[in-house]
Amino acid sequence: MAGEGVKLGEVISKQELRLLVEGKLDWDKTKALISGYKDEDRFQKFVEVFQEKVSWEERILLPLSDRLFIVEKGEDRVAKCICGYEFGDYRENWKLRALIYVREGEEEIEELYPYPSRPDPRYCEVREYICPGCGNLLEVDCVPFGYPVIMDVLPDLDTFYSEWLGKPLRTKKEFKDLSYDVIETWLREKV
């Protein structure tokens, strides 16, 4: 119902979460779901909703967006697009393996950011990160010229699953950003 929040102890159905993910829930209910009390199995229901949307079998460990996930693939954990394209180890910044389109000039930037909210192209660039497998736009960053590629999140999945969810994962992975290893490999290949 419009204007009603989610109350302590109220259980949210998987169908409501599915509508939320699909963008089909009215704003009042959406706001209540996002800002209100979280029932204990909310995360698991969200993962189930996303798992039902994908055509591949790997278990989703963590949705990063509505099209990008960290999945369990055998002993590995990889970042994977909804289309099935794999960006590699989740501890490596997936954006380093994406197609990157840089918008330059007011006209190109205004396609994404209409005036007056448009960033000033004299001071920054707008980078679009696109899946090489399906062409989906996965992320947009507005950064100063020459700024390094931003890694949005590096989740400690082992701690999250064991201490927060009480469901330890089958294998442990070192909690470490491996993005610099990818860049170092590129540098060695150029020499």
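None of the figures in this text is laboratory data; all of them are computed from the coordinates on show. This is a predicted model, so every value here is computed, not measured. Here Cβ is always computed from backbone atoms with ideal geometry, including for glycine, and neighbour counts include all displayed protein chains.
With +1 assigned to the C-beta of every Lys and Arg and -1 to the C-beta of every Asp and Glu, and no other charges, what is the dipole magnitude of the stretch 38-90 about the Cα centre in debye, to the nearest 20? Could you put the intermediate results ahead of the total?
Values: 9 positive and 13 negative charges, 43 e Å.
Value, rounded to 20: 200 debye.
Write out the chymotrypsin sites (Phe, Trp or Tyr not before Pro) in the stretch 119-191 meeting two conditions: DSSP loop, and at most 12 other Cβ atoms within 10 Å of their Cβ.
Values: sites: Y123, Y129, F145, F160, Y161, W164, F175, Y180, W186; in loops: Y123, F145, F175.
When the chymotrypsin sites (Phe, Trp or Tyr not before Pro) of the stretch 119-191 are filtered for loop state and at most 12 Cβ neighbours within 10 Å, Y123, F145, F175 remain.
Hey, how many Å between the Cα centroid of the stretch 112-174 and the Cα centroid of the stretch 71-103?
11 Å
Scanning the chain for GluC sites (Glu not before Pro) in DSSP loops with at most 16 other Cβ atoms within 10 Å, what's the longest stretch left with none? Walk me through the intermediate numbers first.
Working: sites that count: E4, E10, E22, E40, E57, E75, E104, E174.
Value returned for the longest uninterrupted segment is 105-173.
For q = 0.09, 0.10, 0.14 Å⁻¹, what log10 I(q)/I(0) does the chain give under the Debye formula with an equal point scatterer on each alpha carbon and no solvent?
-0.44, -0.54, -1.00
Arranged from highest to lowest average of other beta-carbon atoms within 10 Å per residue, in what order do the peptides 93-101, 24-32 appear? List each step's numbers first, then the result.
Values: 93-101: 18.2, 24-32: 14.2.
Taking the mean over residues of other Cβ atoms within 10 Å, the ranking is 93-101, 24-32.
Determine the alpha carbon to alpha carbon distance for each of K29/K173; K31/K53; K29/K167 and list only those over 27 Å. Show your work: numbers first, answer last.
Details: K29/K173 38 Å; K31/K53 23 Å; K29/K167 30 Å.
Table pairs above 27 Å Cα-Cα are K29/K173; K29/K167.
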